[in-house]
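Peer 1: After the structure tokens below, expect a handful of questions from me.
The values are calculated or read from the model by the stated rules, or taken from the named source; none is laboratory data. The structure displayed is predicted, hence computed values, not measured ones. As a convention, Cβ positions derive from the backbone with ideal geometry for all residues, glycine included, and neighbour counts pool all protein chains shown.
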Ligand SMILES: C[S@@+](CC[C@H](N)C(=O)[O-])C[C@H]1O[C@@H](n2cnc3c(N)ncnc32)[C@H](O)[C@@H]1O
């Protein structure tokens with residue numbers, strides 16, 4: 001997969017040299033190219049921003065600079081363009097999977113009050129453009145959001161995770177973990193500072209372990225992410241799931257928590 005990232009702070013992307021993503025780059029699974037936006041600014045100060053039309057605080061990134069940068073990086077190709085912004089569609093595991101299936105992504109990192117909207121309008125006429133938010137809070141720039149997205153997407157590429165099953169069992173994974181977060185995990189020793197590992201995990205009984213893990217995932221989702229648990233597909237719930245949800249006095253669907 002090819003990833004182009006345009007930013008006024010290319011140095012933010014040094015972490016993409018390490019760990020799983022760094023190894024994927026070394027192996028050639030990921031071809032990451034980071035570009036300095038200011039290379040396409042022509043005045044002596046390499047200006048990339050200007051005051052907003054309509055007034056108000058802050059500055060807006062200039063369309064001409066972005067236009068030249070994107071034209072050069074894209075050439076005759078057609079990457080999917082991702083613009084991080086708190087006003088975008090939410091970045092989810094489902095979107096990460098969808099983007100992991102693309103051959104080429106282009107990330108445009110905004111700063112200040114964001115990029116002049118005409119840039120997105122212009123490229124939407126020839127590329128697929130998605131404005132994407134990584135959460136309901138405001139960062140100072142798109143760089144950290146892009147790091148988050150690249151890591152989430154990169155670990156889904158074939159061969160990047162040592163054990164491909166890890167992604168299947170993750171929180172939010174499609175299938176049995178859809179709308180569930182993962183429960184607690186443990187390793188050796190069996191007792192640490194008086195805290196014991198749940199005995200079922202030492203039993204060697206795969207069926208009981210799987211059942212316990214699912215129970216824990218349901219309990220944790222109900223406790224920490226009730227809005228997700230409410231969206232559980234009733235068709236995916238077995239008798240035991242329903243009993244547990246009753247015990248927790250939790251109803252899936254549109255209805256609210258019973259108490
Ligand atoms: C200070 S923010 C601009 C916020 C903008 N005035 C608003 O309220 O929507 C500057 C840049 O940070 C990035 N950014 C901030 N929060 C983000 C989030 N939650 N998700 C993705 N990108 C974000 C975007 O690239 C944005 O253009």
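Peer 1: Looking at (1) out of contact with any helix residue (DSSP H, G or I) (no Cβ under 6 Å at 6 or more places or on another chain); (2) buried (at least 20 other Cβ atoms within 10 Å of the Cβ); (3) assigned to a loop (DSSP other than H, G, I, E, B), which is the one condition that is false for residue 106?
Peer 2: Here residue 106 clears every test but (3).
Peer 1: Now, a different point. When you go through (1) in a loop (DSSP other than H, G, I, E, B); (2) under 26 Å from residue 125 (Cβ atoms); (3) away from the ligand (no atom under 14 Å from the Cβ); (4) free of Cβ contacts under 8 Å to residues at least 60 places away in the same chain one by one for residue 45, which number turns out not to apply?
Peer 2: Status for residue 45: all satisfied but (2).
Peer 1: If you don't mind, another one. Look at residue 118 and say whether it is in the same structural domain as residue 28 (by TED's automatic domain parsing), surrounded by fewer than 17 Cβ atoms within 10 Å (Cβ to Cβ) and in contact with a helix residue (DSSP H, G or I) (Cβ under 7 Å, 6 or more places away or on another chain).
Peer 2: Judged against the criteria, residue 118 is a match.
Peer 1: So if I check each of 142, 75, which one is within 15 Å of the ligand (Cβ to nearest atom) and farther than 17 Å from residue 20 by Cβ?
Peer 2: Answer to the check: 142.
Peer 1: Here's another thing I want to ask about it. Can residue 65 be described as part of a strand (DSSP E or B), within 15 Å of the ligand (Cβ to nearest atom) and within 21 Å of residue 12 (Cα to Cα)?
Peer 2: So residue 65 does not fit the description; no.
Peer 1: A further question on this structure: Quick one: which residue in 76, 71 is part of a loop (DSSP other than H, G, I, E, B), more than 18 Å from residue 155 (Cβ to Cβ) and free of Cβ contacts under 8 Å to residues at least 40 places away in the same chain?
Peer 2: Going through 76, 71 in turn, the sole match is 76.
Peer 1: Any idea which of 242, 251 is out of contact with any helix residue (DSSP H, G or I) (no Cβ under 6 Å at 6 or more places or on another chain), free of Cβ contacts under 8 Å to residues at least 60 places away in the same chain and assigned to a helix (DSSP H, G or I)?
Peer 2: Matching residue, one of 242, 251: 242.
Peer 1: Looking at 208, 179 in this structure, which one is at pLDDT below 95 and touching a helix residue (DSSP H, G or I) at 6+ places or on another chain (Cβ under 6 Å)?
Peer 2: Testing whether each residue is at pLDDT below 95 and touching a helix residue (DSSP H, G or I) at 6+ places or on another chain (Cβ under 6 Å) leaves just 179.
Peer 1: Moving on to the next point. Would the range 159-179 turn up any residue that is within 16 Å of the ligand (Cβ to nearest atom), loosely packed, with under 12 Cβ neighbours inside 10 Å and outside any loop (DSSP other than H, G, I, E, B)?
Peer 2: No, that holds for no residue.
Peer 1: Pairs needed: first member in the range 209-222, closer than 11 Å to residue 198 by Cα; second member anywhere, part of a helix (DSSP H, G or I); C-beta distance under 7 Å; at least 6 residues apart or different chains.
Peer 2: Final answer for the pair search is 209/200; 209/201; 212/200.
Peer 1: Would you tally the residues in the range 213-241 being surrounded by 15 or more Cβ atoms within 10 Å (Cβ to Cβ) and more than 14 Å from residue 176 (Cβ to Cβ)?
Peer 2: Looking only at that region, the number is 7.
Peer 1: For residue 132, are the conditions met, namely being in contact (Cβ under 8 Å) with a residue 60 or more places away in the chain and not in a loop (DSSP other than H, G, I, E, B)?
Peer 2: no
Peer 1: Give the residues of the range 24-41 that are on the phi < 0 side of the Ramachandran plot and exposed (fewer than 11 other Cβ atoms within 10 Å of the Cβ), sorted by residue number.
Peer 2: Result: 26, 27.
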